[in-house]
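To start, the structure itself, in structure tokens.
The values are calculated or read from the model by the stated rules, or taken from the named source; none is laboratory data. Quantities reported herein were computed from a predicted structural model and do not represent experimental measurements. Positions of Cβ are backbone-derived with ideal geometry, glycine not excepted, and every protein chain shown enters the neighbour counts. With ligands, DNA and RNA removed, areas are computed over all heavy atoms of the protein, side chains included. Shrake-Rupley method; radii C 1.70, N 1.55, O 1.52, S 1.80 Å.
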Amino acid sequence: MSELSADKVSVAFAGLKALSGVDLTVASGQIVGLIGPNGAGKTTLVNVLTGFQAATEGSVRLDGQGLSGLRPHEVRRRGIARTFQGGRLFRDLPVIDNLEVTGVGLGQSRKAAIAEAEAMLDWVGIAPLANRIAGTLPYTDERRVAIGRALMGRPAFLLLDEPAAGMSAQEAAELSALIRRIAEELGCGVLLIEHNVGLVLGLCDHIVVLDSGAVIETGPPAAIRDSERVRHAYMGTAAETDLPVLEVEA
Amino acid sequence: MSRSPLRRSLATPVLLGLILVAFALVAWAVGSKPFNQTIIDIFLKVIFAVGLWVFIGNSGVISFGHIAFACLGGYVAAWTTIKPMMKGISMPGLPDWLMQTEIPYWAAAAVGAGWAAVWALIFGAVLMRLSGIAASIATFAMLAMVNSIYSNWDSVTAATSSVVGIPIVRSVWPYLIAAILAVVLGWAYGISRHGLALRAARDEPTAAAASGVNIPRMRLIAFVVSGAIMGMGGALYAHSIGIVTPDTFYLGLTFITLSMLVVGGMGSLSGAVLGVLFLSSLIQGLRWLEAGVQVGTSTFALPGGVQEIALGAVMILILMFRPAGIMGNRELTLPRAGSDTPGRSGPTN
């Protein structure tokens, strides 16, 4: 059992606090949701967890060991993978090469990386796309390629930054099923940042809600759904409307 | 599902090698000394362009400094192949063991490659942490620094004086072999895991870092490989003309080789090679026309300077209408059936 944690993490940009004393823990096989309105600091927290942004205060730990000062590629080699808003695929490379880059980045030979990439494409369900140039893919497939690329080398933790953005309900449901498989079959701890609150409520074991850089609520989906503070953060008022829940097939 | 990167892209170095062999055969068949020298010069430019491509093409960082490595290689040829007595006159400050060293030209080319690679490692360890225009300016500073040292270290480099007495190699074949070797090295680098990782970092550095790619290290490897190729080219350049000065390896050679890479296409090994062949042929053709062509009893000659104007015009046209160069980032390859994407996993893209 592995554990990734942020301990009282703060980030300030020229005096502006993007994060204030944020605590968060993800364990192996667990799906943790990170939600909050725009500008809440969700992506900043992922950047801190993956070495792209240094914390002004606080620390990030993997199984108790500090990750501060590690560069992004070093964090990835410790088993913490991420995706990006907008995919950030290597658009001129074929899909299989997109996955292969992670393999060689982690020190595999090209032959070994190709073999794992082929297996991963199959597992994610996009094997027929192996030779397509990544920049020509439809949006939904791009997201699956990004997830497949991040899963190369079997990371212990996967941080997904708005993977369902722009997806239809059906596509979001399929994505949910894939994320659940990642946690259950690969034993990977997943941190899911998502604006689709319904998807997060229906999928996650635990949810952390950020607003203006601070944690305003944390708990199981049912508690989050009933939280007045969360509704207020999202809707600007203590609305009576329930937050939607996306039903996901197990 | 897939073939290995080696088998998928093998056609590229084979085809490029055959084109170079064809050029050598033409030189051999024509048998004219000036034409022979022209083909030798083309092969040397191929070596330089391929050396540049290994770094620029794969990293996306424009380097103005690689001719410094050719300079290092050129002076290695001078230090190791000139007769000891002549070295004693022009470069009296050389250490005794080097003063007495006299090795064949091919060994000097190998030593020149190694010497340039060592310095590429030293310079690169600092420079490869930079990106974009900062890195480009730093490589130019490296070129200026090497030129300045070699222009002033009188006892070891003869400063700005010409170092003469380098054995001249007039046969086209050694240069052909070296050009093919450069192409094979460039191709091997391109299909290596380091080449793939660096191209990914060129296109999406953030995603590459998140994929575990150590970008400065990948750039450094490319810098050292390309430095070695340039060093080999520099040594052979010295043997092609028998004389070196620091300015032999400075701005003129820098900009002509960069132009050839831009015209051919920085995104592919084939672009690097074909850019040299295209521009060199154009320059040579215009030189002949400037010298005058006999048609019947009349001689037609272009005015002097047309060559430079035409070169500039070609550059402008390429940048306007085909900014990715003649090859448009594609590799020369055999037409084939099937669904494989051209150039997949090879040195292109």
Scanning the stretch A:26-52 residue by residue, those modelled with pLDDT under 95, surrounded by fewer than 21 Cβ atoms within 10 Å (Cβ to Cβ) and at positive phi turn out to be A:39
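Could you list, in sequence order, all residues of the stretch A:6-25 that are open to solvent by less than 30 Å² (accessible area, probe 1.4 Å) and out of contact with any helix residue (DSSP H, G or I) (no Cβ under 9 Å at 6 or more places or on another chain)? Even if it seems obvious, please write down each step before you answer.
From the stretch A:6-25, those open to solvent by less than 30 Å² (accessible area, probe 1.4 Å) are A:6, A:9-11, A:18-19, A:22, A:24; that's our starting set.
A:10, the sole residue that qualifies.
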So which residues in the stretch B:182-198 are out of contact with any Asp or Glu (no Cβ under 8 Å at 6 or more places or on another chain), within 12 Å of chain A (Cβ to nearest Cβ) and either crowded, with 24+ Cβ neighbours inside 10 Å or touching a residue at least 40 places away in the same chain (Cβ under 8 Å) (or both), if there are any at all?
B:190, B:191, B:195, B:197, B:198
Which residues, counting only those in the stretch B:18-58, are surrounded by 24 or more Cβ atoms within 10 Å (Cβ to Cβ) and more than 15 Å from residue B:174 (Cα to Cα)?
B:48, B:49, B:50, B:51, B:52, B:53, B:54, B:55, B:56, B:57, B:58
Note down all Cβ pairs under 9 Å where the first residue falls in the stretch A:125-136 and is facing another protein chain (nearest Cβ under 7 Å), the second is among the polar types (S, T, N, Q), and they're at least six residues apart or on different chains.
A:130/B:2; A:131/B:2; A:131/B:339; A:131/B:341; A:133/B:341; A:133/B:349
Residues of the stretch B:102-138 being within 18 Å of residue B:243 (Cα to Cα), open to solvent by less than 40 Å² (accessible area, probe 1.4 Å) and not hydrophobic (A, V, I, L, M, F, W, C), in sequence order, are B:112
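How many of the residues making up the stretch A:55-70 are more than 17 Å from residue A:26 (Cα to Cα) and in contact (Cβ under 8 Å) with a residue 40 or more places away in the chain? Give the steps one after another, and end with the answer.
Residues of the stretch A:55-70 more than 17 Å from residue A:26 (Cα to Cα): A:55-57, A:68-70.
Now restrict to residues that are in contact (Cβ under 8 Å) with a residue 40 or more places away in the chain: A:55-57.
Residues flagged as more than 17 Å from residue A:26 (Cα to Cα) and in contact (Cβ under 8 Å) with a residue 40 or more places away in the chain within the stretch A:55-70 amount to 3.
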Within the stretch B:127-140, restricting to residues that are of a type outside the set (Val, Ile, Thr) and under 19 Å from the mean Cα position of the chain (by Cα), the one that is farthest from residue B:255 (Cα to Cα) is B:136
Any chance the stretch B:219-230 includes a residue that's farther than 26 Å from residue B:101 by Cβ, among the basic types (Lys, Arg) and in contact (Cβ under 8 Å) with a residue 12 or more places away in the chain?
yes
Would you be able to tell me the number of residues in the stretch A:82-124 that are at the interface with another protein chain (Cβ under 8 Å from one of its Cβ atoms), without any contact (Cβ under 8 Å) to a residue 40 or more places away in the chain and closer than 21 Å to residue A:175 by Cα?
2
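Could you list all residues from the stretch A:164-200 that are open to solvent by 10 Å² or more (accessible area, probe 1.4 Å) and under 19 Å from residue A:40 (Cα atoms)? Break it down into steps so the answer makes sense when it comes.
Residues of the stretch A:164-200 that are open to solvent by 10 Å² or more (accessible area, probe 1.4 Å), as a first pass: A:165-171, A:173-174, A:177, A:180-181, A:184-187, A:195-197.
Those that are open to solvent by 10 Å² or more (accessible area, probe 1.4 Å) and under 19 Å from residue A:40 (Cα atoms): A:165, A:195, A:196, A:197.
Quick check, is residue A:35 more than 14 Å from every other protein chain (Cβ to nearest Cβ), touching a residue at least 40 places away in the same chain (Cβ under 8 Å) and touching an Asp or Glu at 6+ places or on another chain (Cβ under 6 Å)? Don't jump to the end; show me each part of the working.
Values: more than 14 Å from every other protein chain (Cβ to nearest Cβ): yes; touching a residue at least 40 places away in the same chain (Cβ under 8 Å): yes; touching an Asp or Glu at 6+ places or on another chain (Cβ under 6 Å): no.
For residue A:35, the condition - more than 14 Å from every other protein chain (Cβ to nearest Cβ), touching a residue at least 40 places away in the same chain (Cβ under 8 Å) and touching an Asp or Glu at 6+ places or on another chain (Cβ under 6 Å) - is not met.
More than 14 Å from chain A (Cβ to nearest Cβ) and not charged (D, E, K, R): is that true of residue B:72 in this structure? Steps first, answer last, please.
Working: more than 14 Å from chain A (Cβ to nearest Cβ): yes; not charged (D, E, K, R): yes.
Answer is yes for this residue.
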For residue A:148, work out the one condition from (1) of a type outside the set (S, T, N, Q); (2) open to solvent by 20 Å² or more (accessible area, probe 1.4 Å); (3) without any contact (Cβ under 8 Å) to a residue 60 or more places away in the chain it doesn't fulfil.
(2)
State all residues of the stretch A:201-227 that are among the β-branched types (Val, Ile, Thr) and surrounded by fewer than 24 Cβ atoms within 10 Å (Cβ to Cβ); if no residue qualifies, say none.
A:215, A:216, A:218
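Out of curiosity, is residue B:85 surrounded by 14 or more Cβ atoms within 10 Å (Cβ to Cβ) and more than 17 Å from the chain's Cα centre (by Cα)?
no
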Condition met for residue A:55 (at negative phi, of a type in the set (Gly, Ala, Ser) and within 14 Å of chain B (Cβ to nearest Cβ)):
no
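Considering only the stretch B:1-49, state which residues are touching an Asp or Glu at 6+ places or on another chain (Cβ under 6 Å) and within 14 Å of another protein chain (Cβ to nearest Cβ). Please lay out each step first, then the result.
Just the residues of the stretch B:1-49 that are touching an Asp or Glu at 6+ places or on another chain (Cβ under 6 Å), to begin with: B:1, B:12.
Scanning the stretch B:1-49 gives a single hit, B:1.
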Could you count how many residues in the stretch A:64-93 are surrounded by 21 or more Cβ atoms within 10 Å (Cβ to Cβ), touching a strand residue (DSSP E or B) at 6+ places or on another chain (Cβ under 6 Å) and outside any loop (DSSP other than H, G, I, E, B)?
3
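From A:163, A:155, grab the single residue that is within 18 Å of residue A:84 (Cβ to Cβ), touching a strand residue (DSSP E or B) at 6+ places or on another chain (Cβ under 8 Å), within 14 Å of chain B (Cβ to nearest Cβ) and assigned to a loop (DSSP other than H, G, I, E, B).
A:155
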Could you please find all residues in the stretch B:205-248 being within 14 Å of chain A (Cβ to nearest Cβ), more than 19 Å from residue B:136 (Cα to Cα) and surrounded by fewer than 24 Cβ atoms within 10 Å (Cβ to Cβ)?
B:206, B:209, B:214
Of the conditions (1) at pLDDT 95 or above; (2) in contact with a helix residue (DSSP H, G or I) (Cβ under 7 Å, 6 or more places away or on another chain); (3) part of a loop (DSSP other than H, G, I, E, B); (4) within 29 Å of residue A:5 (Cα to Cα), residue A:100 satisfies every one except a single condition; which number is it?
(3)
It is to be established whether one or more residues within the stretch B:106-124 are outside any helix (DSSP H, G or I) and not β-branched (Val, Ile, Thr).
no
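Answer yes or no: is there a residue in the stretch B:135-146 that is over 18 Å from residue B:216 (Cα atoms) and among the polar types (S, T, N, Q). Break it down into steps so the answer makes sense when it comes.
Filtering the stretch B:135-146 for residues over 18 Å from residue B:216 (Cα atoms) gives B:140-141, B:143-146.
Checking the rest, the ones that are also among the polar types (S, T, N, Q) come to none.
No, the stretch B:135-146 has no match at all.
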